[in-house]
Amino acid sequence: MIAYLDASALVKRCLVERGSRETIKLTAESEMTATSIVSRAEVAAALAKAARTGLVTHDIARSAQRSFGGDWQDLVRVPVTEALLERAETLAWEHGLRGYDAVQLASAVTWQESVGEEIVLATFDQQLWEAAKRTGLKAWPEQLPGATSEPEGPQDKQEQPPRRGRQRHP
């Protein structure tokens, strides 16, 4: 299986939240895991917001950012090009998506076309999840109960997820 993670799924790899365990398992079982290059800024913004709003301590957010930084090199990073942005513009109109969600969806569709195989788009954003399904991508998780467009708070502010081994790419 080949996975594509948006920022909402990537955050779950470095902070313990509802869906973290399943997301870590998904990426551990995938042959390759990709994301858009913009996810780096999105994850940083989500972690900084979690610290600012008191969902986690500043130290936990910084630790999660370092964990994400360590994993970054193991992710296939889909570049943002003019053609990808044109596709994102169209998808934003067709599916009522916010800017970065449209870029994430365009990146996932472009990457699927590039690898020539079905990919699984992991997201915990309701709008992006629904748009992925309408676009013909396999959205994960299979059901998205209580999904939100904002990152969720961690279940335990002091808990960190277990470290994952480095992912191998063919």
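The values are calculated or read from the model by the stated rules, or taken from the named source; none is laboratory data. Here the structure is a predicted model, which is why all the values come from computation and not from measurement. All Cβ positions, even for glycine, are placed from backbone atoms using ideal geometry, and neighbour counts span all protein chains on display.
Please give the number of the condition PRO154 fails out of (1) modelled with pLDDT of 95 or more; (2) closer than 22 Å to ALA64 by Cβ.
All conditions pass for PRO154, except number (1).
Pairs, please: C-beta under 7 Å, at least 6 apart or cross-chain, first residue under 22 Å from VAL11 (Cα atoms) and free of Cβ contacts under 8 Å to residues at least 60 places away in the same chain and in region 112-132, second crowded, with 20+ Cβ neighbours inside 10 Å and β-branched (Val, Ile, Thr)?
TRP129/THR123; ALA132/THR123
Which residue out of ALA64, ALA28 is more than 29 Å from GLY116 (Cβ to Cβ), at pLDDT 95 or above and not hydroxyl-bearing (Ser, Thr, Tyr)?
On the way: ALA28 fails: more than 29 Å from GLY116 (Cβ to Cβ).
Exactly one residue qualifies, and that residue is ALA64.
Here are the criteria: (1) touching a Phe, Trp or Tyr at 6+ places or on another chain (Cβ under 9 Å); (2) more than 13 Å from VAL38 (Cα to Cα). Tell me which single one GLY70 does not satisfy.
Of (1) touching a Phe, Trp or Tyr at 6+ places or on another chain (Cβ under 9 Å); (2) more than 13 Å from VAL38 (Cα to Cα), only one is false for GLY70: (1).
Please tell me if LYS12 is under 23 Å from LEU144 (Cβ atoms) and surrounded by fewer than 16 Cβ atoms within 10 Å (Cβ to Cβ).
So LYS12 does not fit the description; no.
When the residues of region 89-123 are filtered to those that are charged (D, E, K, R) and either in a helix (DSSP H, G or I) or touching a Leu at 6+ places or on another chain (Cβ under 6 Å) (or both), which remaining residue is surrounded by the most Cβ atoms within 10 Å (Cβ to Cβ)? Break it down into steps so the answer makes sense when it comes.
If we filter region 89-123 for residues that are charged (D, E, K, R), which is where we start, we get 89, 94, 98, 101, 113, 117-118.
Next, from what is left, pick out any that are either in a helix (DSSP H, G or I) or touching a Leu at 6+ places or on another chain (Cβ under 6 Å) (or both): 89, 94, 101, 113.
Values: GLU89: 14, GLU94: 13, ASP101: 26, GLU113: 9.
Of everything passing the filter in region 89-123, ASP101 is surrounded by the most Cβ atoms within 10 Å (Cβ to Cβ).
Would you confirm whether any residue within region 65-87 is without any contact (Cβ under 8 Å) to a residue 12 or more places away in the chain and over 29 Å from ALA132 (Cα atoms)?
Yes, there is a match, as at least one residue in region 65-87 is without any contact (Cβ under 8 Å) to a residue 12 or more places away in the chain and over 29 Å from ALA132 (Cα atoms).
Testing LEU55 on (1) over 18 Å from VAL16 (Cβ atoms); (2) in contact with a Lys or Arg (Cβ under 9 Å, 6 or more places away or on another chain), one condition comes back false. Which one is that?
(1)
Identify, please: which residue in region 42-88 is part of a strand (DSSP E or B) and among the aliphatic types (A, V, I, L, M) and is, among those, surrounded by the most Cβ atoms within 10 Å (Cβ to Cβ)?
Result: VAL78.
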